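Q: Before we start, here is the structure in question, set down as structure tokens.
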Amino acid sequence: MEQIKVSARDRLIKSKKNQSNGELRGRVLVTLCAIIMISATISITIFLGTKGLQAFLVNGVSPIEFLTSAEWNPIDKDNPKFGALPFIFGSFAVTLLSALIAAPLGIGGAIFMTEIAPSWGKRILQPVIELLVGIPSVVYGFIGLTVLVPFIRDHVGGIGFGLLSGTIVLSIMILPTITTIATDAMSSLPNNLREGSYAIGATRWQTIWKVLIPAALPTLLTAIVLGMARAFGEALAVQMVIGNVRDLPGSILDPSATLTTIITLNMGHTTFGSIENNTLWSMGLVLLIMSFAFIMLIRFLSTRRKIS
């Protein structure tokens with residue numbers, strides 16, 4: 001009997017020791033992953049910041065000229081120009097316009113799947129929308145190049161390559177992101193909001209417009225910002241349809257360029273450490289700053305959601 005008690009006590013001690021060792025290993029693994037992520041983020045920020053500032057600190061490029069000038073001609077040895085305003089404008093233009101198109105469609109689709117369609121509708125529509133996320137961006141660009149550009153040229157006007165083509169391609173690309181997050185936001189709302197609204201005589205549309213959308217608004221705005229963040233950093237698909245010119249567009253049908261398209265087109269043709277190469281790194285720094293701005297905006301919206 002005494003041996004049984006000793007054996008049971010030993011097994012208990014051994015079990016607690018194994019559990020403690022397992023918790024320690026798990027804590028070390030999670031901490032290591034966190035350190036790697038933080039180190040990678042800090043390293044990328046320091047590297048890109050250092051390279052992006054060299055054009056201003058080493059090569060003497062004026063930050064004011066870089067941000068406000070519309071002239072870009074870095075290969076002119078006598079009078080090089082480093083104005084990135086057309087590319088900054090193009091990035092913001094296609095991002096905002098694509099968000100204006102995709103946001104109503106995505107939120108409307110989310111409302112339809114959660115509040116209007118029967119249960120089988122969501123089971124069919126949501127996987128179809130999420131499949132769009134897995135399509136490579138080059139496929140979107142190729143479809144835009146072969147279908148959208150000729151259609152705009154023949155039926156709308158212009159040469160087909162321009163802000164309109166880039167906007168439509170980007171709006172389709174960010175639509176699944178906005179729709180998926182908006183659907184989750186509408187689905188997570190408590191049923192007592194709907195029941196209380198119906199109890200006082202509100203119609204389904206009044207419940208959606210006056211109760212559900214305001215309640216989910218911070219998350220819906222977060223979905224839009226996430227879509228804009230993806231649109232702002234997209235390169236390949238936009239590069240194939242926007243035209244990639246150095247001038248400010250006069251209308252939505254005119255060709256333009258974005259920061260990402262100019263970087264991908266010119267980086268391979270520059271010498272590492274040259275003034276043109278450093279200026280392209282400065283464009284990458286602008287993209288990084290805008291990414292941080294989008295992240296801060298998302299954090300702000302998330303805080304509003306927690307408070308409400």
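Each value in this text was obtained by applying a stated rule to the coordinates, not by laboratory testing. Keep in mind that what you see is a predicted model, and the values were worked out from it rather than measured. Positions of Cβ are backbone-derived with ideal geometry, glycine not excepted, and every protein chain shown enters the neighbour counts.
Q: Taking 0.36 nm per intervening residue step and subtracting the Cα-Cα distance, what contour gain separates His155 from Val58 on full extension? The partial results should precede the final answer.
A: On the way: separation 97, 0.36 × 97 = 34.92 nm, distance 4.93 nm.
Stretched fully, the His155-Val58 segment lengthens by 30.0 nm.
Q: At what distance in nm do the modelled label points of Thr50 and Leu100 sit from each other, each positioned 7 Å from its Cα along Cα→Cβ?
A: 4.2
Q: Considering the Cα trace of region 237-308, what is its radius of gyration and what is Dmax, both in angstroms?
A: Both quantities, over Cα of region 237-308: 16.7, 52 Å.
Q: For the chain, please report how many Lys pairs fall under 29 Å Cα to Cα, leaving out neighbours fewer than 8 apart on the same chain. Before the final figure, lay out each step's value.
A: Working: Lys5/Lys14; Lys5/Lys16; Lys5/Lys17; Lys51/Lys77; Lys51/Lys81; Lys122/Lys210; Lys122/Lys306; Lys210/Lys306.
Lysine pairs, 8 or more places apart or on different chains, close enough: 8.
Q: Points 7 angstrom from Cα along the Cβ direction at Thr303 and Asn192: gap in nanometres?
A: 2.8
Q: Would you compute, from DSSP H runs of 4+ residues alone, the mean residue ellipticity of the chain at 222 nm, taking -39500 (n - 2.57) per run and dividing by the full residue count, rounded to the nearest 500? Walk me through the numbers on the way to the answer.
A: Values: 13 runs with 220 residues, N = 308.
After summing the helix terms and dividing by residue count, I get -24000 deg cm²/dmol.
Q: Could you tell me how many degrees, from 0 to 90 and to the nearest 10, lie between the Cα long axis of helix 163-187 and the main elongation axis, the longest principal axis, of the Cα atoms of the chain?
A: That works out to roughly 10 degrees.
Q: Determine, for Ile213, Ile46, Ile116, Ile262, the number of other Cβ atoms within 10 Å of each Cβ, and report the residues in order from fewest to most. All intermediate terms of the calculation are to be shown ahead of the outcome.
A: Working: Ile213 17, Ile46 10, Ile116 13, Ile262 23.
Starting with the residue having the fewest Cβ neighbours, the order is Ile46, Ile116, Ile213, Ile262.
Q: How long is the gain from Trp120 to Ile200 if the chain were fully straight, where each residue apart is worth 0.36 nm and the alpha carbon distance is subtracted?
A: On the way: separation 80, 0.36 × 80 = 28.80 nm, distance 2.89 nm.
Length difference between fully extended and current span is 25.9 nm.
Q: Enumerate the calculated ³J(HN,Hα) couplings along region 35-46 in order (Karplus 6.51 cos²θ - 1.76 cosθ + 1.60, θ = phi - 60°), each rounded to whole Hz, writing x wherever the residue is Gly or Pro.
A: 5, 5, 5, 5, 5, 5, 5, 5, 5, 4, 5, 5
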